[in-house]
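Undergrad: Here it is, the structure, as structure tokens.
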Amino acid sequence: MTQQAATLERRYVEAWNAVIGPSSSAVPAELHALRESAIAKFEEVGFPTARRGNEAWKYTDIGPIANAAFDDLAPAAPVRVATDALDQHIMGGSVWNRMVFVDGHWVPSLTSMPTLPPQVTVTSLAKAMALHPHLVRDHLGHYAPYDESGFTALNTAFLRDGAALIVPHDTVVEEPIHFIYLSSSEGQSSVTQPRTLVSMGRNSKASVIESYGGLTDTISLTNAVSEYVLAEGAQLDACRLQQQALPAYHVGSAQVRLGRNSRFTSGAFDFGGAIARHTLSVALEGEGSECTLYGLYMTNQGQHVDNQVLVEHIAPHTTSEQVYKGVLNGKSRGVFHGSITVRQAAQKTNAKQSDKNLLLSDEAEVDTKPALWIYADDVRCGHGAACGKLDDGALFYLQSRGIDEAAARRMLVHGFANEVLEHVGLTPLRVHLEQLITASLRHQGRTA
């Protein structure tokens with residue numbers, strides 16, 4: 001670690017010592033030990049840089065994040081937020097269950113659980129650690145390793161609160177559960193470390209949405225970590241929506257473990273942030289488990305969005321499908337790395353991967369790197385990546401039917417994105433995404 005890097009990371013260690021360390025007597029001993037171990041690991045591994053031979057970060061320079069002089073590295077309490085400030089983030093009306101966090105802290109007054117079955121637990125992690133210590137002890141930090149990732153280590157070290165969802169065996173949650181994480185940055189730039197833990201019991205079923213946004217247009221860093229574990233026969237439909245302010249930074253990771261015959265569907269949508277990077281790691285550990293992973297991002301100006309999708313087939317008769325798309329305009333940049341690993345025991349694996357990108361300007365750039373690592377001999381795997389511009393012939397056809405050029409371009413982009421949107425089964429979410437796409441295209445029309 002260089003002297004400069006050591007200085008950058010030292011600020012976080014000093015903030016941990018000043019804010020988190022003194023609270024050790026107020027939290028379970030296991031949690032404090034986890035946080036102590038994580039801050040020591042962060043001090044050791046530091047922020048990732050390509051200079052360390054770190055291929056995973058080759059195309060994303062996090063220098064602006066590491067060098068940013070944030071005013072508050074560990075916000076002590078959330079600011080007061082009016083209900084109407086949430087309007088642009090709320091979906092599902094009065095039916096969806098909703099839990100709101102501001103600057104990493106749960107806000108009970110903004111939380112609503114109108115349709116939650118009584119046997120299902122949705123609570124803050126701080127409360128879960130007090131009421132269900134064994135469950136948290138058995139799961140929290142078990143799936144998101146912090147020994148190799150500086151950002152995950154940082155999140156674990158500053159872990160104070162977050163969302164915990166516990167669905168018992170043979171339970172179906174009919175209405176979605178929406179976790180809303182907001183950065184206030186009121187008067188100062190800040191760093192928040194949201195954490196989500198979802199445990200799905202045997203043959204259970206639920207839908208979860210994680211959305212990340214900002215209440216102001218000031219600089220901030222959101223460093224999020226999620227852990228999902230699905231028991232045998234469980235089904236989870238999960239969506240991550242990132243619509244933070246343009247000056248904001250967002251780094252996140254999700255670790256998923258799938259049991260026998262379980263099914264996991266993930267949607268990932270990025271519309272905001274100056275630099276946004278997300279890593280989704282799925283381990284198909286149980287025979288017959290399945291995952292469908294789809295994503296869409298739209299960038300403009302100098303935005304940079306990086307998606308890392310890592311799928312590991314460990315058991316036989318497992319299935320995975322990835323479909324990611326990017327729409328880039330202005331001088332923006334996209335990165336996609338999709339990796340499929342098939343272990344020797346994972347015979348009869350069926351895996352597909354697709355990454356397609358639409359470049360709307362000559363200055364936009366995308367780096368896409370699909371990869372297959374196959375150690376079994378009876379599998380069916382395929383991958384592909386492509387990037388290109390709008391089809392001139394299709395554009396001419398629409399204009400020849402009396403549609404002006406701007407409207408014709410929007411129609412073609414909507415058609416391109418629709419392959420991803422058709423995976424979204426929740427109507428309010430799909431409508432919200434279509435509105436974000438339309439707003440993004442209108443904004444791009446003014447700035448391209």
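Undergrad: Output the antiparallel fraction of DSSP beta bridges having both residues in the chain, as a percent to the nearest 5.
TA: On the way: 7 of 140 bridges.
Antiparallel bridges make up about 5 percent of those DSSP assigns within the chain.
Undergrad: Here is a further query. Hey, what did the stretch 339-410 get for relative contact order, percent, Cα under 8 Å, at least 6 apart?
TA: Numbers: 92 pairs, mean separation 26.5, N = 72.
Averaging sequence separation for qualifying contacts and normalising by length gives 37 percent for the stretch 339-410.
Undergrad: Follow-up. Rg and Dmax of the stretch 355-406, using alpha carbons, in Å: what are they?
TA: Cα-based Rg and Dmax for the stretch 355-406 come out at 17.8, 55 Å.
Undergrad: Please name which of His105, Pro370, Val305 has its Cα lying farthest along the dipole of the chain towards the positive end, using unit charges on Cβ (Lys, Arg +1; Asp, Glu -1) and the Cα centre as origin.
TA: Sorting the options by dipole projection puts first Pro370.
Undergrad: If you project the alpha carbons of the chain onto their three principal axes, what span does each projection cover, largest first, in Å?
TA: Ordered largest first, the chain gives principal extents of 72, 52, 50 Å.
Undergrad: How are the alpha carbon pair distances in the stretch 357-448 distributed across 5 Å bins from zero to the largest one, expressed in percent?
TA: For the stretch 357-448, the pair-distance distribution reads 2, 10, 16, 17, 18, 14, 10, 5, 4, 2, 1.
Undergrad: Run the 1.4 Å probe and let me know the accessible area of Cys387, rounded to the nearest 10 Å².
TA: For Cys387, the solvent-accessible surface is approximately 80 Å².
Undergrad: Give me the base-10 log of I(q)/I(0) for the stretch 184-343 at each q in 0.18, 0.19, 0.20 Å⁻¹, Debye formula, one uniform scatterer per Cα, rounded to two decimals.
TA: -1.03, -1.10, -1.18
Undergrad: Of all the C-alpha pairs in the stretch 97-189, what % are more than 20 Å from each other?
TA: Numbers: 1971 of 4278 pairs.
For the stretch 97-189, the share of Cα pairs beyond 20 Å comes to 46 percent.
Undergrad: Now for a different question. Counting every Cα pair in the stretch 316-390, what percent are over 22 Å apart?
TA: Everything past 22 Å amounts to 34 percent.
Undergrad: Compute the relative contact order of the stretch 127-222 as a whole-number percentage, counting only Cα pairs closer than 8 Å that sit 6 or more residues apart in sequence. Before the final figure, lay out each step's value.
TA: Working: 129 pairs, mean separation 30.0, N = 96.
Worked out over the stretch 127-222, it gives 31 percent.
Undergrad: In the chain, with Lys and Arg counted as +1 and Asp and Glu as -1 at Cβ, which of these residues, Leu73, Pro168, Thr7, has the Cα nearest the positive end of the dipole, that is, farthest along it?
TA: The residue sitting farthest along the positive end of the dipole is Pro168.
Undergrad: Could you compute Rg(Cα) / (2.2 N^0.38 Å) for the stretch 1-126, with N its residue count? Let's see the in-between values first.
TA: Working: Rg = 19.1 Å, N = 126, 2.2 N^0.38 = 13.8 Å.
Dividing the Cα radius of gyration by 2.2 N^0.38 Å gives 1.39.
Undergrad: Sort largest first and round to whole Å: the equivalent ellipsoid semi-axes of the stretch 294-448, each the square root of five times a Cα gyration tensor eigenvalue.
TA: 33, 16, 14
Undergrad: For Asp71, Asp217, Asp367, write out the residues from largest to smallest accessible area, computed with a 1.4 angstrom probe and no ligands counted.
TA: Numbers: Asp71 100, Asp217 125, Asp367 35 Å².
Ranked from most to least accessible, the order is Asp217, Asp71, Asp367.
Undergrad: Charges only on Cβ, +1 for Lys and Arg, -1 for Asp and Glu: so what's the dipole of the chain about the Cα centre, in debye to the nearest 20?
TA: Details: 36 positive and 47 negative charges, 31 e Å.
The dipole magnitude comes to about 140 debye.
Undergrad: Taking the solvent-accessible surface of protein heavy atoms with a 1.4 Å probe, what is the per residue accessible area of the stretch 103-170 in Å²?
TA: On the way: 2800 Å² over 68 residues.
It amounts to 41 Å² per residue over the stretch 103-170.
Undergrad: Quote the charge dipole size of the stretch 314-413 about the Cα centre in Debye, to the nearest 20; the model charges only the Cβ of Lys and Arg (+1) and of Asp and Glu (-1). It would help to have the intermediate numbers written out before the result.
TA: Values: 13 positive and 12 negative charges, 58 e Å.
That gives a dipole near 280 debye.
Undergrad: Considering only C-alpha atoms, what is the centroid distance from the stretch 354-378 to the stretch 322-352, in Å?
TA: Value for the Cα centre distance between the two parts: 6 Å.
Undergrad: Can you spot the aspartates and glutamates whose alpha carbon is less than 15 Å from Lys205's alpha carbon? Ignore those fewer than 8 places along the same chain.
TA: Counting by Cα, and skipping residues close in sequence, Lys205 has these aspartates and glutamates nearby: Asp170, Glu174, Glu175, Glu232, Asp237, Glu290.
Undergrad: What nm value, rounded to one decimal, do you get for the distance between Asp367 and Leu116 when each label is placed 7 Å out toward the C-beta?
TA: Reported label-point gap for Asp367 and Leu116 is 4.2 nm.
Undergrad: State to the nearest 20 debye the size of the charge dipole of the stretch 51-164 about its Cα centre, where the only charges are +1 on K and R beta carbons and -1 on D and E beta carbons. Present the calculation step by step, with values, prior to reporting the outcome.
TA: Details: 8 positive and 11 negative charges, 41 e Å.
The dipole of the stretch 51-164 has a size of about 200 debye.
Undergrad: Can you tell me the relative contact order of the chain? Whole percent, Cα pairs under 8 Å, sequence separation 6 or more.
TA: Relative contact order for the chain comes out at 10 percent.
Undergrad: For a quick check: with amide H placed at 1.01 Å from N, whose amide H comes under 5 Å from Cys291's, ignoring anything fewer than 5 positions away on the same chain?
TA: HN-HN under 5 Å from Cys291: Phe264, Thr319, Ser320, Glu321.
Undergrad: Okay, moving on. Would you be so kind as to identify which of Gly286, Gly272, Ser262 lies farthest towards the positive end of the dipole of the stretch 237-295, taking Lys and Arg as +1 and Asp and Glu as -1 on Cβ and the Cα centre as origin?
TA: Gly272
Undergrad: To one decimal place, what Kirkwood hydrodynamic radius in Å is obtained for the stretch 74-136 from all pairs of distinct Cα atoms? Working shown, then result.
TA: Numbers: mean 1/r = 0.0750 Å⁻¹.
Evaluated on the stretch 74-136, it is 13.3 Å.
The values are calculated or read from the model by the stated rules, or taken from the named source; none is laboratory data. Predicted model, so just to flag it, every value in this text is computed and none were measured. Glycine gets a Cβ as well: all are built from the backbone with ideal geometry, and neighbour counts include every protein chain shown. To get the accessible areas, we keep the full protein, side chains included, count just its heavy atoms, and leave off ligands, DNA and RNA. Shrake-Rupley method; radii C 1.70, N 1.55, O 1.52, S 1.80 Å.
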